[in-house]
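For reference, the structure discussed in these notes is given below.
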Amino acid sequence: MVHKLKRYWFLFQELVKRDFTKKYKRTILGMAWSILSPLINLLVMWLVFSNLFGNNVDHYAIYLFAGQLVFSYFSDATNLGMNSLVANAGIFTKVNVPKYLFLFSQNVSSLINFGLTLLIFFGFVAFDGIPFTWKLLCLLFPVACLIVFNLGLGLILSALFVFFRDMQYLWGIMTQLLMWLSAVFYTIDSYTYTVQCMFLLNPIYLYIRYFRKIVIEGTIPTVQFHILAMAYALIVFGVGAYMYRKYNHEFLYYV
């Protein structure tokens, strides 16, 4: 995979440019929407939930922003990735190129948006009076895990979407369910210890929790926490790579 990526590096760069510019084509504000959209969502959620949960959570705006930041990146990357094969069928049915390039380019576009929003997030952190320490460097770990996890899930979803077009509706429902189960705007402190552990079965909650522990609590998660975060990413990516390898030639007959 790495060898092919080097071989088709120019094509990959052009796909990234195309996907990123296409997203904001014919919009007045253009790339500014990548910052305005999450900020507007954050404002709405803060207005709705601050009176319900804000009094019980320190730095609630940052708590909410961290959850929304991670979940928005996950949602954007997987939804764009799911359609990457079908949307580019006109290219790979005529030219023999690695099909995962289209998925990877979509993920880079989502990653750029995530990076821009992350800068705004740090601005909010500074404004809220949370000190910046060396522990913030530890955020590289959950970001790396999230990138691999999103790529793996994108591989799975894009392959399934080729064969089952119902996936776009099923994944829309699943994404909403995951948002409610990821404690984006509420805390799980009132639940029993067993239930709190069950939340860790949700990879997105795990990555959100990592962000909050580093930024708000100023603590580094346990070794077991790191192993679980890495395991989710590697397992999902492994399954996605296997599906692409197995069904690679069948994609042509269904798109």
>> Cut-off is 10 Å between beta-carbons; in what order do CYS145, CYS197 appear when sorted fewest neighbours first?
In response: CYS197, CYS145
> If each of ILE235 and ALA89 carries a label point 7 Å out from its Cα toward its Cβ, how far apart are those two points in nm?
Replying inline: 3.3 nm
>> So if each residue of separation counts as 0.36 nm, and I subtract the Cα-Cα distance between ASP189 and LEU139, what length gain in nm does that give?
In response: 15.7 nm
> Does a label point 7 Å from the Cα of LEU200, set along Cα-to-beta-carbon, have any residues of region 219-247 with amide nitrogen under 19 Å, and which are they?
Replying inline: 219-236
> Around VAL57, what is the net charge, scoring Lys/Arg as +1 and Asp/Glu as -1 over all other residues with Cβ under 14 Å from its Cβ?
Replying inline: -1
>> I need to check one value: relative contact order of region 32-254, counting alpha carbon pairs closer than 8 Å and at least 6 residues apart, in percent.
In response: 30 percent
> How large is ³J(HN,Hα) for each residue in region 108-120, as worked out from phi by the Karplus curve 6.51 cos²θ - 1.76 cosθ + 1.60 (θ = phi - 60°), to whole Hz, x for Gly and Pro?
Replying inline: 5, 4, 5, 5, 4, 4, 4, x, 5, 5, 5, 4, 5
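No value in this document is a laboratory result; all are computed from the given coordinates. Note that the structure is predicted; figures quoted are calculated from it, not measured. Virtual Cβ from ideal backbone geometry, glycine too; neighbours counted across all protein chains shown.
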